[in-house]
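In what follows, a single structure is set out as structure tokens and then discussed.
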Amino acid sequence: MTFCRMLMRVLARRFSTGDRVTQVKCCRPITTSVNLQARAVRKSELMPAEGPPHAQKKLFTPGPLGVSMTTKQAMLRDLGSRDTEFIEIVKSIRRTIVELAGVSQSSYSCVPMQGSGSFAIESVLTTTVPRNGGKVLILENGAYGRRQASICDVLGIAYHKESFQENEMVSPERVQQILESDHSFTNVSVVHCETSSGVINPISKIGAVVKELCPNAVFFVDAMSSFGGIPINMADAKVDYLVTSANKCLEGVPGFSLAIAPIEHLRSCKGNARSYALDLTDQYEGLEKNGQFRFTPPTHAMLAFHRALTELEAEGGILARAQRYKNSRERLREGMAKLGFTEFLSGDHEGYIITSFFFPKDPHFNFVEFYTLLAKKGMVIYPGKVLNADCFRIGNIGHLFPHNMMILLDKIDQVCQEMGMHVPFHN
């Protein structure tokens, strides 16, 4: 008896109602929608491919950003979170990050935290600010500094937010004045590269001021979009805690963030966290105990990141990657100036991570249309995030090279002309 006839009889019995029996005709072997989809997928379609231009967009953003094909391919296998190989990969990642930070393995530890960079920021704040008498000095000149204040609001942490202009650096002199007049701060926090504008804050100078005037205060740096692209030596900059993300200058994929912490101080913070899932001390202790995360880790993202770190080393390390970003930034800068665009920042505080440009004053310019037309050509940029100016942002980081900038500039020129703008225009 064929399988089809057997199935017909089973179904007939199952759907019988009294004397009335549902008739099931003999048919071809049943094919589910999943079978159809699986049949439609050929072996070649399972392999990564560059594809046509419209399928593979270039991300000129501060993150998530484009990564190499080999980094993507590293995710094309499965590993269990308790697998010995995965545990060794996590250990390797943690060691490498500490090395890149310029501090010793015996004194500092890298603690990966599931989630975006904001998860690591909140984990540091909730864990390191004392429950009794804790107070944070938040030095902000953009949206990501202000986010820390919002986190403190939710956590019930006392803070003073010292605001600076979004197109200016945080002033070490002003920090000195604040700390000379108020010694109650237990923590001082600043964003290294304020991604809303691209400004680079002088963390070494700020760190020196903090440790001179408040030697017991914890100096916390959000290096989300700078670590791996700008050389940072935590010891020289007197940084206690530093956080970054897998999907910025280290060129991994989204899924987790990283906190670099002084081991002795981190242990002393046990029981201090105002969050269960974001308790950085508990996360550290779990990783030290058996190499495992307390909760499900992003296994595939960590496989990709492990590969990304080997590619950073092959490129020549942070200095070589920084030079590539600088070269791309110079091409972008020169080309945008020729088209008539004006940068939001000027002076020595502008970096090479991301560049903000003012909207042109041409009446034909509309950012939504500008963005959409570029995206249709496979070029993705970011809207601005500063409060008092109409800007858009172009990132120089990720798997981008100077020739990608030249292609982007050509597409921007095309889009401007399609919008009826006279290029070059004058702001």
Task: Which numbered condition L400 misses (of (1) under 30 Å from S68 (Cα atoms); (2) outside any loop (DSSP other than H, G, I, E, B); (3) out of contact with any Gly (no Cβ under 6 Å at 6 or more places or on another chain)) - done: (2)
TODO: Collect the residues in region 208-239 that are part of a loop (DSSP other than H, G, I, E, B), crowded, with 24+ Cβ neighbours inside 10 Å and in contact with a Phe, Trp or Tyr (Cβ under 8 Å, 6 or more places away or on another chain), keeping them in residue-number order.
DONE: M224, G229, M234, V239
- [ ] Take region 85-106 and flag every residue that is part of a loop (DSSP other than H, G, I, E, B) and either touching a Pro at 6+ places or on another chain (Cβ under 6 Å) or surrounded by 19 or more Cβ atoms within 10 Å (Cβ to Cβ) (or both).
- [x] A101, V103
Task: Pairs with Cβ under 6 Å, 6+ apart, first in region 198-210 and farther than 17 Å from G102 by Cα, second surrounded by fewer than 22 Cβ atoms within 10 Å (Cβ to Cβ) and polar (S, T, N, Q) - done: V209/Q176
- [ ] Output the residue which, of all residues in region 351-375 that are touching a helix residue (DSSP H, G or I) at 6+ places or on another chain (Cβ under 9 Å) and among the charged types (D, E, K, R), is surrounded by the most Cβ atoms within 10 Å (Cβ to Cβ).
- [x] D362
Open item on the list: Condition check: of a type in the set (A, V, I, L, M, F, W, C) and either without any contact (Cβ under 8 Å) to a residue 60 or more places away in the chain or not assigned by TED's automatic domain parsing to the domain that holds I93 (or both). Does I121 satisfy that?
Closed with: no
TODO: For region 108-135, enumerate the residues that are part of a helix (DSSP H, G or I) and within 19 Å of the chain's Cα centre (by Cα).
DONE: G117, S118, F119, A120, I121, E122, S123, V124, L125
TODO: Collect the residues in region 136-177 that are under 18 Å from K385 (Cα atoms), assigned to a strand (DSSP E or B) and within 22 Å of the chain's Cα centre (by Cα), keeping them in residue-number order.
DONE: L139, E140
Task: Breaking point among (1) hydroxyl-bearing (S, T, Y); (2) modelled with pLDDT of 95 or more; (3) surrounded by 17 or more Cβ atoms within 10 Å (Cβ to Cβ), for S163 - done: (3)
Task: From A259, A277, A314, residue being within 16 Å of S118 (Cα to Cα) and more than 19 Å from the chain's Cα centre (by Cα) - done: A277
TODO: Could you run through region 295-321 and say how many residues are more than 15 Å from T96 (Cβ to Cβ), of a type outside the set (G, A, S) and surrounded by 15 or more Cβ atoms within 10 Å (Cβ to Cβ)?
DONE: 4
Task: Matching residues in region 362-375 - criterion: being in contact (Cβ under 8 Å) with a residue 12 or more places away in the chain, more than 18 Å from L409 (Cβ to Cβ) and either in a helix (DSSP H, G or I) or over 32 Å from the mean Cα position of the chain (by Cα) (or both) - done: H364, E369
Open item on the list: Please count how many residues of region 156-185 are in contact with a Lys or Arg (Cβ under 6 Å, 6 or more places away or on another chain) and more than 21 Å from S118 (Cα to Cα).
Closed with: 3
Task: Candidate set from region 117-146 (those that are charged (D, E, K, R) and crowded, with 19+ Cβ neighbours inside 10 Å); member that is farthest from G252 (Cα to Cα) - done: E140
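The values are calculated or read from the model by the stated rules, or taken from the named source; none is laboratory data. Here the structure is a predicted model, which means the values were calculated and not measured. Every residue, glycine as well, gets a Cβ built from its backbone with ideal geometry; the counts of neighbours run over all protein chains shown.
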